[in-house]
Every structure is written in structure tokens, then in C-alpha cells.
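The structure appears below as C-alpha cells.
The values are calculated or read from the model by the stated rules, or taken from the named source; none is laboratory data. Remember, it's a predicted structure, so these values are computed and weren't measured experimentally. Note: ideal-geometry Cβ built from the backbone for every residue, glycine included; neighbour counts use all protein chains shown.
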Amino acid sequence: MIDITNYKQEINNYGGSELKATYIINGEKYMVKMPDPIRKKTLDLGYMNNQYSEYIGCHIFESVGIPVQKTMLVKLNKDGKEKVAVACKDFLNPGEELIEISNVSLSLSTEKKYKISIEDVYEIINKMSVNYKLDENKLISNFWDMFVVDTLIGNTDRHFGNWGFIKKGDIISFAPVYDCGSSLHPLLSENEQIKLMSDSIAFKNSSYNIASVYTMNNKKIFYHEIFKNPPVALKEAIKRIVPKINIEKIKEIIASTEGLSKTQKEYYFKDILLRKEEILDKAYKN
Ligand SMILES: Nc1ncnc2c1ncn2[C@@H]1O[C@H](COP(=O)(O)OP(=O)(O)O)[C@@H](O)[C@H]1O
Ligand SMILES: [Mg+2]
């Protein structure tokens, strides 16, 4: 793991909720996300594993062939303490801008306040397609492909600030996936992981019963529920993505993640495997 403490920094322009900094690493711009001391103070957490969630989550997206930001774990010294953070390579090329879904109303010149619902995802994609002459079905596929992998990594926060489109002049495309920091139970301590792994019922509850941020028909979507009776476009995404999930490859990604204990690696793998077998594989066979 490289130590970036003395690397060049630039003024940080990235939004979002966690503590961030902008660093130049090997001549390229990276957004560096750090464990969040504000949350730590208010919630009294001595740990925060969102950087590992980001790193592993993004590499799993990459392993199934979905465009995603490049990430690496880095060390840095902050307030006299050594921290592990995740460096996310800026995916915007010169002249490109990111339009997050939460800002899409501006580009669509509408006042409508969108809800984080599947119905509104479809409406936004439809409007974007008409406005910018895009392939609507392709964008719907992009959304559900991301949803399948978010299920695998247990992402609880793919809200409208955490995905979007890249705009370059008049050309619009689906942006690479970013912000996987709220997957893989980032707030669990190692002791809690050990406890969960020794109790198969509690473990299944925790790894299986995960809600997405979306609603459908005014009801919160639990991943395991929607996969039992998926909308047609999700069904197609399941057929496309599930065969590309290579559990050996995922094992390797986790095993080679620096800075994690043996227990943490075991926990991440078991957590992912449970959703793969109990949710994704079952839906694939249906
Ligand atoms: N790799 C990236 N390249 C360019 N912009 C990014 C990248 N990752 C995130 N961003 C921008 O920075 C914002 C904050 O990053 P995000 O990972 O979502 O942080 P948080 O976990 O605090 O929500 C995003 O909403 C997006 O606008
Ligand atoms: Mg975010």
C-alpha cells in the first residue's frame, strides 16, 4: 500500500457525506475517501470500514465487466495517526461533467421532485432518452445491471446522488459506477463479525435481509423480495450478470486486499456468498 501523506494535494471539489481530499498520485487525480471522524464522534464508532467496502465493491463490479471507477487502498498520516483510505481515480476526462440523477431535473428543465423509486428511475431515463436521443432500453439495462451487483455486495445507498450520466457537449452516457462505500456492512466491528459468523441464523438475517434505497409501488424494496418476482428488465439483467459472477475471482479480490485481518476477509466472503447463493443463484434458476 503506498503512503500518500506527502503527495501533492489540490483543492477538493467533491461533494457527498464523507471526509475527502484530492490528491495527485502518479500524475493522476484521485478523490481520497477517509474513514469519517464526524460520524465516529456522534455514533461513538472506533472503526469505519467504508474504505474497504468501496475498494472491494468496485473491484467486484470490475470483475463482472461493468464500467467502474478505479480504486486503490492507500495509507496516510492524519492528525498523527496512520489511516487506510481509498483512492478513487477521477473518471472525468477534460470537457466531461457528471450529471447525477439528483441533478437531472436541471438538465431536463423540470421542477418535478423525483422520489427514489423505480417508477421515477424509469421516468427519468425516459425523459433523458427523449431529450438526448439515447437508447432507452440500454440505459434501463445499465441501471438493472448495477442493481444486480449492488445486491451481491449488499449496497444500501445507491440513491440519486450515487449514480448518473456523463455529459460531454451533447453526448450523454451512463457514468462508471462510483460510491460503493455503503455496501458490505461498513459499520460492523471485527467482534461483531465474529459473533455473526458463530450464529448462522443471525448471520443469515444480517446478510440476507437487506433493503435497497428504492421503493416500487410505494413499498421499500428488499433485495431478496424483488428477486423472487423480478420486473422483466431485472430478469434480463439477472440472466446477463449472474453467469459473469466468478466466486473464485471474488475470493481472490478479498484475499489480496491489504490491511484486512483473516477474520474480516472470511466475513466479507461469507457475506457475499450468502447473497449470491440465496438471492442471485435462485433467481437465475427461476
Ligand atoms: N471517481 C470519481 N470521479 C469523479 N467524480 C467522482 C468520483 N467518485 C465520486 N465522484 C463525485 O464525488 C461525489 C462524492 O463521492 P461519493 O463517493 O459519492 O462520496 P460519499 O460516500 O461521501 O457520498 C459523488 O457524488 C460524485 O459527484
Ligand atoms: Mg455518495
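Residues in region 255-286 that are farther than 19 Å from residue 148 by Cα and either touching a residue at least 40 places away in the same chain (Cβ under 8 Å) or assigned to a helix (DSSP H, G or I) (or both): 255, 257, 258, 259, 260, 261, 262, 263, 264, 265, 266, 267. Strands (runs of 3 or more DSSP E) fully within region 64-104 that include at least 3 residues being within 16 Å of ligand 2 (Cβ to nearest atom): 81-89, 97-100. Taking the stated definitions as given, is residue 172 within 22 Å of residue 277 (Cα to Cα), away from ligand 2 (no atom under 16 Å from the Cβ) and of a type in the set (A, V, I, L, M, F, W, C)? Considered against the rule, which asks whether it is within 22 Å of residue 277 (Cα to Cα), away from ligand 2 (no atom under 16 Å from the Cβ) and of a type in the set (A, V, I, L, M, F, W, C), residue 172 comes out as no. The C-beta contact set for region 91-114 (first residue in contact (Cβ under 8 Å) with a residue 60 or more places away in the chain, second residue of a type in the set (Val, Ile, Thr) and not in a helix (DSSP H, G or I), distance under 8 angstrom, 6+ apart or interchain) comprises 91/166; 92/166; 96/166; 97/166; 98/166; 99/166; 99/172; 107/99.
Can you confirm whether residue 53 is at pLDDT 95 or above, closer than 25 Å to residue 146 by Cα and within 13 Å of ligand 1 (Cβ to nearest atom)? In short, yes.
Condition test on residue 248, is it under 20 Å from residue 140 (Cβ atoms), in a helix (DSSP H, G or I) and not β-branched (Val, Ile, Thr)?
Details: under 20 Å from residue 140 (Cβ atoms): no; in a helix (DSSP H, G or I): yes; not β-branched (Val, Ile, Thr): yes.
Taking the combined requirement at face value, the residue does not satisfy it.
Which residues, taken from region 184-205, are in contact (Cβ under 8 Å) with a residue 12 or more places away in the chain and either over 30 Å from residue 160 (Cβ atoms) or more than 11 Å from ligand 1 (Cβ to nearest atom) (or both)?
Initial filter on region 184-205 (in contact (Cβ under 8 Å) with a residue 12 or more places away in the chain): 184-190, 193-194, 196-197, 203-204.
If the condition is that a residue be in contact (Cβ under 8 Å) with a residue 12 or more places away in the chain and either over 30 Å from residue 160 (Cβ atoms) or more than 11 Å from ligand 1 (Cβ to nearest atom) (or both), then 184, 185, 187, 188, 189, 190, 193, 194, 196, 197, 203, 204 are the ones that fit.
Residues that are in contact (Cβ under 8 Å) with a residue 60 or more places away in the chain, within 19 Å of residue 234 (Cβ to Cβ) and in a loop (DSSP other than H, G, I, E, B) within region 121-170 comprise 154, 155, 160, 162, 163, listed in sequence order.
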